[in-house]
Amino acid sequence: MKTSIATGTIALLIAIAGAAFAQASPNGVYLDGKVANFALPGQDYDSPGFESLSFWSGPNGKAVDYEYGADHKRVRLRPVGPAAGGGGFAVRFPNGLVLDVVPQGKALQVSDRGGNYSKTFEWKYEGPVDGRGTFCTPCVEEADAIGFVRKHFMQ
């Protein structure tokens with residue numbers, strides 16, 4: 001009887017966790033996907049000036065997440081076609097702001113169309129530091145990051 005109750009409780013917790021995960025990741029984009037992470041150089045993860053872009057792609061779709069600030073606010077962006085000047089692609093914030101994302105060498109040049117925002121994002125390592133932390137299984141390596149973005153978001 002105790003085993004049955006414990007098994008039922010575990011199954012319920014797994015179902016709740018699965019529902020929460022599905023809610024946090026529409027269309028299961030994070031499930032079985034890969035991600036290329038980019039961030040502003042020189043900005044620590046906990047600094048107020050922190051900004052990052054995460055490009056997810058997998059069998060269940062694609063997603064672009066923008067994260068910023070020391071409190072790690074996250075916004076889902078929507079790819080909306082080619083960049084204004086070509087050579088990249090555009091993403092739209094929920095408030096309507098459009099940013100152009102243009103690969104340049106090993107980095108991404110990100111700018112708005114009004115000339116008020118222009119920043120260079122570089123590949124961001126996600127994994128253990130000084131032997132502490134966990135390895136990011138879905139993360140693509142630096143050598144593959146720009147190619148991953150080109151393949152999954154520019155074609």
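The values are calculated or read from the model by the stated rules, or taken from the named source; none is laboratory data. Note that the structure is predicted; figures quoted are calculated from it, not measured. With ideal geometry, Cβ positions are generated from the backbone for all residues, glycine too; neighbour counts draw on all protein chains shown.
Being at negative phi, loosely packed, with under 10 Cβ neighbours inside 10 Å and in a loop (DSSP other than H, G, I, E, B) is the filter here, so list the residues in region 129-144 that pass it. Correct list: THR134, PHE135, THR137.
The condition of being more than 22 Å from GLY33 (Cβ to Cβ) and touching a residue at least 40 places away in the same chain (Cβ under 8 Å) holds for only one of ALA145, ALA107, ALA70, that being ALA107.
Could you tell me whether GLY131 is within 20 Å of ASP46 (Cα to Cα) and at pLDDT below 95? Yes: the conditions hold for GLY131. Yes or no: region 55-66 includes at least one residue that is over 19 Å from ASP32 (Cα atoms) and either loosely packed, with under 12 Cβ neighbours inside 10 Å or touching a strand residue (DSSP E or B) at 6+ places or on another chain (Cβ under 8 Å) (or both). Scanning region 55-66, I find at least one residue that is over 19 Å from ASP32 (Cα atoms) and either loosely packed, with under 12 Cβ neighbours inside 10 Å or touching a strand residue (DSSP E or B) at 6+ places or on another chain (Cβ under 8 Å) (or both), so the answer is yes.
In the set (1) within 24 Å of GLY42 (Cα to Cα); (2) out of contact with any strand residue (DSSP E or B) (no Cβ under 7 Å at 6 or more places or on another chain); (3) at pLDDT below 95; (4) not aliphatic (A, V, I, L, M), GLN104 fails one condition alone, (3).
Let's see how each residue does on (1) over 14 Å from the mean Cα position of the chain (by Cα); (2) in a strand (DSSP E or B); (3) outside the structural domain of TYR45 (by TED's automatic domain parsing):
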site: ASP71; (1), (2), (3): yes, no, no
site: ARG78; (1), (2), (3): no, yes, no
site: GLY86; (1), (2), (3): yes, no, no
site: PRO94; (1), (2), (3): yes, no, no
site: VAL102; (1), (2), (3): yes, yes, no
site: LEU108; (1), (2), (3): no, yes, no
site: LYS119; (1), (2), (3): yes, yes, no
